[in-house]
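Written below as structure tokens is the structure these notes are about.
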Amino acid sequence: MARKLHGVDVIIGGDSHTLLGPESMKQYGLTPSGPYPTMATSQDGKRVCIAHAAQYAYVVGELHVEFDDHGDVIRCDGEPHVLIGTSYTRTDKKKGPLTAHEIDAIRQDLVRSNGTLLPTVPDPQTIALLAPYNAQKEAFGEKVVAMSPQVWCLRRVPGIARIRYSSTLGDVCNLAPHVQAHGGDVQQLVAEAFLQQGQKYFHADLSIQNAGGVRTDINKGPITVKDIYAILPFKNSLVQLKATGTVIKTVLEEAVDAALGPHGSTGAYPYSAGLRWTVDARKPAGKRVSNLEIRGRDGKYRAFNLHKVWNVATISFLADGQDHYSEFGKITGSRRTDVGLDYAQTLLDYIVRLPGHDKILRKLPEGYYSTHRFIE
């Protein structure tokens, strides 16, 4: 955009969730899209300083700009600060509290980050000011948005060999024939929501979602806003990728291989709306996915063209190449469009727009399940 503008010295981006920062951020699990700030040149040949600090005030940008007597930028630098708390616990609570030595090591690591990680103490006055809004948020979370006449089972991988990564609802889901044959109902629902809502913002032929990104079952009865955010609790946004059928096939193979491999990264197992396939777990890595079929707007499935460029609706986590979706991470430039729509909001919008006054969330046809057949 800077190259098309006149008279602009500084651009502060917003709403795209773009993180700018040093490469050192990667050691903390953050992937910056470029340096902070990023420099560009305007249409009139002058320097333009571009800054962006990710999303939801997780990062506070510190930007310094120096101008000459003519008002032109002569220097622009700064750094982003990732705001973190001052108390630390293990992700795995079963391993007990951190030792004094471990806490000291964390603090030393914070010092070495040179301000990239900035411990921050909440301001009491701000907490008091936000209290009524937090109360409104809690009330909103209890709002019923739909009713489910049946349970929606959570399952990462179909079959019976990996049943330990399955439903908290017990045998009603774990032993259900359709779950063993096709996988999780909730994962399939999320994939369907991403496809249908994605089509409202861009052209989408299919969606792809990883099993591990979907976290809870849906029980029979009322579904609340809080339930939606429990299903999709992470910070992801909707992304459109333009990928050939060959690339999509490779992505599916790699994700399936990761899920079925000796280390069992089951969260990588792929789900899709608009695309279905057969998985043969007996075959060697790279040759397990076959019989790919694409669903047309008429609801009928046809052979999937590996040579065609398809429009894929997915989430930013996978578009960045995470969780064994490395081929997606190679899709950049005009072949990637970041919509910026929160992925939980996408599912919520899909459910809110269900037909009828009573908003009944009914199961998808089994023919729509992306793992059409699973052999083990």
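The values are calculated or read from the model by the stated rules, or taken from the named source; none is laboratory data. Nothing here was measured: the structure is a model prediction, and the numbers come from that model. All Cβ positions, even for glycine, are placed from backbone atoms using ideal geometry, and neighbour counts span all protein chains on display.
Listing for the model above:
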quantity: So D77, is it of a type in the set (D, E) and over 23 Å from T18 (Cβ atoms); calculated: no
quantity: Number of the condition not met by L117 [criteria: (1) out of contact with any Cys (no Cβ under 7 Å at 6 or more places or on another chain); (2) at pLDDT 95 or above]; calculated: (2)
quantity: Pairs with Cβ under 7 Å, 6+ apart, first in segment 284-302 and outside the structural domain of Y271 (by TED's automatic domain parsing) and over 20 Å from E253 (Cα atoms), second at pLDDT 95 or above and not basic (K, R); calculated: none
quantity: Check on K235, in the same structural domain as R353 (by TED's automatic domain parsing) and over 27 Å from L19 (Cβ atoms); calculated: no
quantity: Qualifying residues in segment 51-70 (those that are within 25 Å of the chain's Cα centre (by Cα) and not in a loop (DSSP other than H, G, I, E, B)) - the one surrounded by the fewest Cβ atoms within 10 Å (Cβ to Cβ); calculated: V60
quantity: Test: residue in segment 93-113 that is surrounded by 10 or more Cβ atoms within 10 Å (Cβ to Cβ), under 29 Å from the mean Cα position of the chain (by Cα), not assigned by TED's automatic domain parsing to the domain that holds T224 and not in a helix (DSSP H, G or I); calculated: yes
quantity: Residues of segment 336-350 satisfying the condition of being assigned to a helix (DSSP H, G or I) and either surrounded by fewer than 19 Cβ atoms within 10 Å (Cβ to Cβ) or among the basic types (K, R) (or both); calculated: Q345, D349
quantity: In segment 28-48, residue nearest to V60 (Cα to Cα) [restricted to those that are at pLDDT 90 or above and of a type in the set (V, I, T)]; calculated: T38
quantity: Criterion violated by A131 - all others in (1) over 21 Å from R215 (Cβ atoms); (2) in the same structural domain as L19 (by TED's automatic domain parsing) satisfied; calculated: (2)
quantity: Considering residues of segment 267-281 that are over 13 Å from Y369 (Cβ atoms) and not in a loop (DSSP other than H, G, I, E, B) only, the residue modelled with the lowest pLDDT; calculated: G267
quantity: Q27 vs. criteria in the same structural domain as G115 (by TED's automatic domain parsing), under 24 Å from G71 (Cβ atoms) and surrounded by fewer than 17 Cβ atoms within 10 Å (Cβ to Cβ); calculated: no
quantity: Close pairs from segment 105-131: first closer than 18 Å to K26 by Cα, partner part of a helix (DSSP H, G or I), Cβ under 8 Å, at least 6 apart; calculated: S113/S24; S113/Y28; T116/S24; T116/M25; T116/Y28; L117/Y28; L117/D109; L117/L110
quantity: Residue identified as of a type in the set (A, V, I, L, M, F, W, C) and under 17 Å from S207 (Cβ atoms) among V247, V279; calculated: V247
quantity: Selection count where residues are within 27 Å of H357 (Cα to Cα) and not aliphatic (A, V, I, L, M), scope segment 138-183; calculated: 10
